[in-house]
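Enquirer: Can you read through this structure? Questions will come right after.
The values are calculated or read from the model by the stated rules, or taken from the named source; none is laboratory data. Since the model is a prediction, treat every value here as computed from it, not as a measurement. Every residue, glycine among them, receives a Cβ derived from its backbone with ideal geometry; neighbour counts consider all protein chains shown. What goes into the accessible areas is simple: the full protein's heavy atoms, side chains included, and nothing from ligands, DNA or RNA. Shrake-Rupley method; radii C 1.70, N 1.55, O 1.52, S 1.80 Å.
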Amino acid sequence: MFKLIMMGRCTYIYAKKQKKTRENDMGEDRISQLPDEVLVSILSFLTMKEAARTSVIACRWREVWTSIPSLDFDASETSNSLWEEEEGLNPYEETGKYIKWINNVLDAYQGYCIDEFRVRFDLEPMFTSDIDRWFNFALEKKVKRLVMDFRGYYGCPRSNIFAIPLLSSPVLHTAEFPDCRSLKILKLKYLDISGAVIEHLISTCLYLEQLVIEGSNSLTDLNVVGQSLCLKYLKIKFCCRLKSVYLSAPNLLSFQWYSAESIEIAFANVPNLVEVFFGGGYALRRLHPLLNYLSQLETLILSDEPPEETIGLIEFPVLPHLKNLILKVSAADDDSLLGFTPLIKAAPSLCRLLLELSWFEPDVFLLSRPKTPRECHQCLKVVEIVGFVGKTNDMEFAMYLIEHAPMLEKILLRPGKPKSLRCYSDPECIARKQSGREAAMLLDYKFSLGDKLVLLGF
C-alpha cells in the first residue's frame, strides 16, 4: 500500500514539473537565442521593408536586419502607380521617400559583404550624387549581383540618362576604380558607362557571367575579348552612339542586341554561342551576313517589322542546329509575314516557332502580296502565334505553316495583343479576341485540326 501511494505521488510531481516546463517553453523566445548567422539567413527570405520591421521585436533583433546579404530596393510598382496618377500619390513625396529609404538603410548597414544590391525606380537627374554613392557602396561591400535600373514607367525608355564620373569617363584611371572582382552579374540601365570601363570590368571581374547595358550614351565601341572570360550572357540595348561590337569570348552562350541604328558586329571566337536576339529596324537583313558565323545557333529571337519582299531573293546560310525561332513582329494589316519563310527554310531542324504580333495602322498599303513559297518544314512540331486576330496576313502565315509542316503536333493561338500590352477591358481588344476566335474556328474547319489546335487567352 505504501509503495502504491509513493508511486502515485511521484507521478503527480513529475506531471506537475512537465506542465511547468511546458509553460516556461511557451513563454520563452527560443528564436532569439539562435546565432546571428541563422537569424540573418531567416531574414534573407523577407523583403527589405519586412526585414527592417523585425527590429521592433526585441533588443536582440534591433540590428540583425542590418546584416542581411540582399539589399533589394525595387519600387517599380510605386513608379508605375505615379505614372498612372493614382489618387493620393505625390511624385515628389514618393521620390523623396525612396531616396531617404535607401540612404537610411546604407547608413545603418553593418554587413561586410553583399550578395545582391538592386535599385529600380524612375528618378530624376538631380539625384545623381545619391546614385554615385549607392554604386560605390555596393562595390565596397564586394557585391556579387548589382542591378541599377532607372528605366521609366513599365520599363519604358527614358530621355534622361544618369552619368556618374566613375563609369562615364572615356579615360579609365584604374588606380581610382574600386575592387570589383566579386561581381558575377552586372545590369546597368540608363546609367552611363563607357567602353573603357566595360572592358576593364570584363578583364578584372573573372567571375562575371552576366552583363546588361541599356541606354548608355558614352558607349561607342565595345571589345569583349579574353580566352579565360567567364562571361556567358551579354545584352546591349538602346545605346544610340554604339558603332561597333567585337566578340571573342569562348564561354559566351547568349548575345542580345537591340538598336534602331546599324552597327558593325564581329563574331570572332564564340564557339558556344547558342542564343542570339536581334532587334530594331531591318533586324533580319542586318543579321543575315552574321549568320555565316553562327551555325551552332539553337535559339534565334528577332524583333522586327515584316521583311520587305526582296528579302526572299537573299539566300540564308543553313542553320543546322536551330531548334527555336521567336519572331516579335510589329505589323500593319496588309503586311505579309511570308518574308520570314526563307529564314524558316534555312533551319531544317526547327522544332518550335513562336510569332508575337502587335498591330499598328499602316501608312501605305501593299498593292500586291508576295507569292506563297513552296517549302516543307519536316521538323517543325510546335507553332505559337500571339496576337492572332484573323487578319489576312496572320491567317495566311498560319495556313502556310499548317500546309508545309507535315509533322506539326500543336498550333497554339492567343487572340488579342501580346501579354505585355493586353488590356482586358478595352473594347478594341475584346473585338480582336472575338475576330481571332472566329478565324481560329475557320482554320479548324478547313484543316480538321482537332487536338492540334489550342486556343489560349479567351
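Enquirer: Of all residues in the range 43-77, which are modelled with pLDDT of 75 or more and open to solvent by 20 Å² or more (accessible area, probe 1.4 Å)?
Expert: Listed by number, the residues that qualify are W65, S67, P69, S70, D72, D74, S76, E77.
Enquirer: Among the listed residues K189, K142, identify the single one that is at pLDDT 90 or above and touching a Cys at 6+ places or on another chain (Cβ under 7 Å). Step through it out loud before you land on a result.
Expert: Values: K189 fails: touching a Cys at 6+ places or on another chain (Cβ under 7 Å).
None of the other options fit; the residue is K142.
Enquirer: I've got another one for you. Restricting the search to the range 102-140, which residues are among the aliphatic types (A, V, I, L, M) and surrounded by 14 or more Cβ atoms within 10 Å (Cβ to Cβ)? Please lay out each step first, then the result.
Expert: At the first step, the residues of the range 102-140 found to be among the aliphatic types (A, V, I, L, M) are 102, 105-106, 108, 114, 119, 123, 126, 131, 138-139.
I102, V105, L106, I114, V119, L123, I131, A138, L139 - these are the residues of the range 102-140 that are among the aliphatic types (A, V, I, L, M) and surrounded by 14 or more Cβ atoms within 10 Å (Cβ to Cβ).
Enquirer: Looking at the range 326-344, can you tell me whether even one residue there is at pLDDT 95 or above, among the charged types (D, E, K, R) and either on the phi > 0 side of the Ramachandran plot or part of a strand (DSSP E or B) (or both)?
Expert: For the range 326-344, residues at pLDDT 95 or above, among the charged types (D, E, K, R) and either on the phi > 0 side of the Ramachandran plot or part of a strand (DSSP E or B) (or both): absent.
Enquirer: Take the range 437-458 and flag every residue that is in a helix (DSSP H, G or I), open to solvent by less than 30 Å² (accessible area, probe 1.4 Å) and in contact with a Leu (Cβ under 7 Å, 6 or more places away or on another chain).
Expert: From the range 437-458, those in a helix (DSSP H, G or I) are 437-447, 450-452; that's our starting set.
The next check asks that each one be open to solvent by less than 30 Å² (accessible area, probe 1.4 Å); those that pass are 439-440, 443.
Correct list: A440, L443.
Enquirer: Still on this model: So for the range 406-417 (the condition being modelled with pLDDT under 90, charged (D, E, K, R), within 16 Å of L453 (Cβ to Cβ) and open to solvent by 40 Å² or more (accessible area, probe 1.4 Å)), does at least one residue qualify?
Expert: Step one: list which residues in the range 406-417 are modelled with pLDDT under 90, which gives 414-417.
The next check asks that each one be charged (D, E, K, R); those that pass are 414, 417.
Retained after the next criterion (residues that are within 16 Å of L453 (Cβ to Cβ)): 414.
Now restrict to residues that are open to solvent by 40 Å² or more (accessible area, probe 1.4 Å): 414.
Among the residues of the range 406-417, at least one is modelled with pLDDT under 90, charged (D, E, K, R), within 16 Å of L453 (Cβ to Cβ) and open to solvent by 40 Å² or more (accessible area, probe 1.4 Å), which makes the answer yes.
Enquirer: Among (1) open to solvent by less than 10 Å² (accessible area, probe 1.4 Å); (2) farther than 23 Å from L166 by Cα, which single condition is I213 missing?
Expert: All conditions pass for I213, except number (2).
Enquirer: I'm told P373 meets every condition in (1) of a type outside the set (G, A, S); (2) at pLDDT below 80; (3) under 30 Å from Q296 (Cα atoms); (4) assigned to a helix (DSSP H, G or I) except one. Can you identify the failing condition by its number?
Expert: If we test P373 against (1) of a type outside the set (G, A, S); (2) at pLDDT below 80; (3) under 30 Å from Q296 (Cα atoms); (4) assigned to a helix (DSSP H, G or I), just (4) comes out false.
Enquirer: Working only within the range 188-224, note down all residues that are farther than 23 Å from K144 by Cβ, out of contact with any Phe, Trp or Tyr (no Cβ under 7 Å at 6 or more places or on another chain) and in contact (Cβ under 8 Å) with a residue 40 or more places away in the chain.
Expert: N217, S218 - these are the residues of the range 188-224 that are farther than 23 Å from K144 by Cβ, out of contact with any Phe, Trp or Tyr (no Cβ under 7 Å at 6 or more places or on another chain) and in contact (Cβ under 8 Å) with a residue 40 or more places away in the chain.
Enquirer: Can you pull out every residue in the range 180-205 that is part of a loop (DSSP other than H, G, I, E, B), open to solvent by less than 10 Å² (accessible area, probe 1.4 Å) and either under 17 Å from I161 (Cα atoms) or hydroxyl-bearing (S, T, Y) (or both)? Working first, answer last.
Expert: Applying the first criterion (part of a loop (DSSP other than H, G, I, E, B)) to the range 180-205 yields 180-184, 190, 192-194, 205.
Those left that are additionally open to solvent by less than 10 Å² (accessible area, probe 1.4 Å): 180, 183, 190, 193-194, 205.
Y190, I193, S194 - these are the residues of the range 180-205 that are part of a loop (DSSP other than H, G, I, E, B), open to solvent by less than 10 Å² (accessible area, probe 1.4 Å) and either under 17 Å from I161 (Cα atoms) or hydroxyl-bearing (S, T, Y) (or both).
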